[in-house]
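Student: Mind having a look at this structure? Questions to follow.
The values are calculated or read from the model by the stated rules, or taken from the named source; none is laboratory data. Given the structure is predicted, the values throughout are model-derived calculations rather than measurements. All Cβ positions, glycine included, derive from the backbone under ideal geometry; neighbour counts span all protein chains shown. Heavy atoms of the whole protein, side chains included, go into the accessibility calculation; ligands, DNA and RNA do not. Shrake-Rupley method; radii C 1.70, N 1.55, O 1.52, S 1.80 Å.
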Amino acid sequence: AQYTRGTHIPESALQPGDLVFLYSDIHHVELYLGNGLAVSAPQPGENVKVIKIADFQNVYYGATRLTT
């Protein structure tokens with residue numbers, strides 16, 4: 001449902017705070033930080049970490065920008 005909210009934006013236009021969705025069935029979402037980095041909360045029991053979006057190009061689905 002998160003993917004249907006906000007405005008869909010191209011990867012080249014990502015800004016801090018945008019939501020980045022991974023996998024074709026959209027089962028994972030990241031929070032974009034800027035400079036090609038995002039906050040990732042992996043599976044239960046794993047630590048939250050900062051990832052490089054470029055490392056996930058093979059599963060990148062799209063991004064949205066939430067507006068108020």
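Student: Which percent of the accessible heavy-atom area of the chain goes to carbon and sulfur, probe 1.4 angstrom? Kindly include the intermediate steps, with their values, before the conclusion.
Tutor: Numbers: 2380 of 4590 Å².
Whole-percent figure for carbon plus sulfur exposure: 52.
Student: Taking the mean number of other Cβ atoms within 10 Å as a proxy for protection, how do you rank 14-26, 37-49 from highest to lowest?
Tutor: Details: 14-26: 15.2, 37-49: 11.2.
Descending mean neighbour count gives 14-26, 37-49.
Student: Here's a follow-up. Given Cα positions, please report Rg to Rh for the chain, the hydrodynamic radius being the Kirkwood one. Intermediate results must be reported in sequence, preceding the final value.
Tutor: Details: Rg = 11.3 Å, Rh = 12.1 Å.
Here the Rg-to-Rh quotient is 0.94.
Student: Taking 7 Å along the Cα-to-C-beta vector as the label spot, tell me the D25-A1 distance in nanometres, rounded to one decimal.
Tutor: If labels sit at D25 and A1, their model points lie 2.0 nm apart.
Student: Using the crude model of +1 on Lys and Arg Cβ and -1 on Asp and Glu Cβ, and no other charge, please compute the dipole size for the chain relative to its Cα centre, in debye to 20.
Tutor: Its charge dipole is roughly 140 debye.
Student: Give the accessible surface of the chain per residue, rounded to a whole number of Å², with probe radius 1.4 Å and ligands, DNA and RNA excluded. Kindly include the intermediate steps, with their values, before the conclusion.
Tutor: Numbers: 4590 Å² over 68 residues.
Value for the chain: 67 Å² per residue.
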